[in-house]
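The values are calculated or read from the model by the stated rules, or taken from the named source; none is laboratory data. Computed from a predicted model, the values in this text were never measured in an experiment. In this analysis, Cβ positions are derived from the backbone assuming ideal geometry, glycine residues included, and neighbour counts consider all displayed protein chains.
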Amino acid sequence: MTTKFHVSLPCEDIIQTMDFYTNILDCEMGRNAQHWADINLFGHQLTFTEAGKFSFENPNYLFEGKVLPSFHLGVIVNLDTWSALYKKISATEAEIVHQKTFLTSKKGEHLSFFVKDPDGYMLEFKSFKNNNEIFEA
């Protein structure tokens with residue numbers, strides 16, 4: 001059995017959030033109502049609930065010379081999917097924060113980019129050079 005994750009997050013405008021995930025990221029819409037929606041994020045359940053204004057403290061960290069958001073969620077995809085997503089998102093007005101190869105020539109080498117959704121959440125998409133190294137120490 002493949003385990004799936006579920007994350008529930010507040011959003012300011014459910015229509016704008018649903019539009020970003022379904023039209024920009026091509027995610028499937030799941031169950032939804034007037035003020036909440038389930039999104040199929042690469043087989044994982046991401047639930048948004050319209051909560052109006054909210055804020056999070058978003059501290060950052062430095063990794064290989066890049067300032068990265070410590071509060072983010074992401075998906076590991078194959079290179080073809082990663083490339084197609086990066087190309088599609090680059091053609092929109094969505095804010096791509098970084099696109100970089102991390103850990104070049106080291107264990108865990110991967111391509112990565114971060115994109116900000118309409119609610120300010122940072123999503124990371126990764127593609128590992130060798131999937132066997134995803135969890136290797």
Segments classed as strands (runs of 3 or more DSSP E), wholly inside the range 1-89, with at least 2 members that are surrounded by 12 or more Cβ atoms within 10 Å (Cβ to Cβ) and either hydroxyl-bearing (S, T, Y) or touching a residue at least 60 places away in the same chain (Cβ under 8 Å) (or both): 6-11, 44-50
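Out of the residues in the range 98-109 that are in a loop (DSSP other than H, G, I, E, B) and among the polar types (S, T, N, Q), which is surrounded by the most Cβ atoms within 10 Å (Cβ to Cβ)?
Taking the range 98-109 first, the residues in a loop (DSSP other than H, G, I, E, B) are 103-109.
When the remaining residues are screened for being among the polar types (S, T, N, Q), the result is 104-105.
Working: T104: 10, S105: 7.
Of everything passing the filter in the range 98-109, T104 is surrounded by the most Cβ atoms within 10 Å (Cβ to Cβ).
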Considering every residue within the range 112-121, establish whether at least one is farther than 21 Å from M18 by Cβ and modelled with pLDDT under 85. no
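Could you list, in sequence order, the residues of the range 110-137 that are assigned to a strand (DSSP E or B), of a type in the set (F, W, Y) and within 12 Å of V97 (Cα to Cα)? Step through it out loud before you land on a result.
Applying the first criterion (assigned to a strand (DSSP E or B)) to the range 110-137 yields 110-116, 122-128.
From what's left, of a type in the set (F, W, Y): 113-114, 125, 128.
If the condition is that a residue be assigned to a strand (DSSP E or B), of a type in the set (F, W, Y) and within 12 Å of V97 (Cα to Cα), then F113, F114, F125 are the ones that fit.
Yes or no, residue by residue, for (1) assigned by TED's automatic domain parsing to the domain that holds M122; (2) at pLDDT below 90:
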| residue | (1), (2) |
| --- | --- |
| E12 | no, no |
| M18 | no, no |
| T22 | no, no |
| R31 | no, yes |
| Q34 | no, no |
| V67 | yes, yes |
| T81 | yes, no |
